[in-house]
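Engineer: What follows is a structure written as structure tokens; I'll ask about it next.
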Amino acid sequence: MYELYIGNKNYSSWSLRPWVLMRSLAIPFKEHVVPFRPGGNWEKFRAFSPSGKVPCLVDGGTVAWDSMGIVEYLAERHTGAWPADDAARAWARCAAAEMHSGFGALRQRCSMNCALRVRLDTIVPALRRDLDRIDELWSEGLGRFGGPFLAGSAFTAVDAFHAPVAFRVRTYGLALSEAAAAYARQLLALPPMRQWDDEALAEPWRDEEHEIDAMQDATLMEDLRNPP
């Protein structure tokens, strides 16, 4: 059975990607949650991941240590990871790769924190550009391939790569067009996403660096976790 190593569900957007895809495709795996700790995680994560980062998939003697690499490894062994249609698959791979490598302002200003509800003091131009591009991508995929998911009727890897954005939209109250906002709500309502969310709120750990990141130039409105 696959073994998937992930970080805290409350914070680790990268871990969410393969996790939610595997849950959605009903691919069995054993989950290992390895919490972030103060002072860095390099040595701790190096015990299972060559990069010292999460997520990391172990399949016997094979190790895939990047979310894109994990998805491609799974796609070679399981149907449904990418759309069957050639045009939809090409678009989905590009949209997933763009999310994998881009949107730095969104990552910096709106780190994933499932438990918080935060009001940003300002939307800086770089963040607005990222949000506009996400809106453009989502609207294009939904319109071009007919929805309800980005590349057609089924949840695929491109949705998994964009799933962490839905948590960010909710946490920070980010404004999107109605079509894009509806897609974010749809992602949040999926059973695997609801499971991730519930388990994130139940985690006993707090990581100060991630907590500080979520509150830069922002006002805390609500914290849905129990006190640590």
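The values are calculated or read from the model by the stated rules, or taken from the named source; none is laboratory data. Just so you know, these numbers come straight off a predicted model, no measurement behind them. Heads up, the Cβs are rebuilt from the backbone with ideal geometry, glycines too, and the neighbour counts pull from every protein chain shown. We work out accessible area using only protein heavy atoms, side chains counted, and drop any ligands, DNA or RNA first. Shrake-Rupley method; radii C 1.70, N 1.55, O 1.52, S 1.80 Å.
Engineer: Counting each DSSP H run of 4 or more residues in the chain as -39500 (n - 2.57), what helix-only mean residue ellipticity at 222 nm follows after dividing by all residues, to the nearest 500 deg cm²/dmol?
Structural biologist: Computed mean residue ellipticity for the chain: -15500 deg cm²/dmol.
Engineer: Right, here's the next one. So with the 1.4 Å probe, I'd like the accessible area per residue for region 33-172, rounded to whole Å².
Structural biologist: 42
Engineer: Shifting gears a bit: E178 label point, 7 Å along Cα→Cβ, cut-off 16 Å on backbone N: hits in region 138-167?
Structural biologist: So the set is 139, 143.
Engineer: Among P204, P192, P148, determine the one that fluctuates most according to a GNM of the chain built with springs between C-alpha atoms less than 10 Å apart.
Structural biologist: Between P204, P192, P148, it is P204 that shows the largest mean-square fluctuation.
Engineer: What trypsin sites (Lys or Arg not before Pro) does region 132-221 have in DSSP loop regions with at most 16 other beta carbons within 10 Å?
Structural biologist: Answer by residue number: R206.
Engineer: Does region 55-121 come out rounded, prolate or oblate, given a ≥ b ≥ c as the square roots of the eigenvalues of its C-alpha gyration tensor, rounded meaning a/c under 1.5 and, failing that, prolate meaning a/b above b/c?
Structural biologist: The shape class here is oblate.
Engineer: Here is a follow-up. Nearest 5 percent is fine: what portion of the DSSP beta bridges confined to the chain is antiparallel?
Structural biologist: Close to 70 percent.
Engineer: What percentage of the solvent-accessible surface of the chain, computed with a 1.4 Å probe over protein heavy atoms, is contributed by carbon and sulfur atoms?
Structural biologist: In the chain, the share of accessible area belonging to carbon and sulfur is 53 percent.
Engineer: Find, among the trypsin sites (Lys or Arg not before Pro) in region 39-105, those assigned to loop by DSSP (not H, G, I, E, B) with at most 15 other beta-carbon atoms within 10 angstrom.
Structural biologist: Passing both the DSSP loop test and the Cβ count: R77.
Engineer: Rounded to the nearest Å, what's the spacing between the alpha carbon centres of region 108-152 and region 63-83? Just the number, please.
Structural biologist: Region 108-152 and region 63-83 have Cα centres separated by 24 Å.
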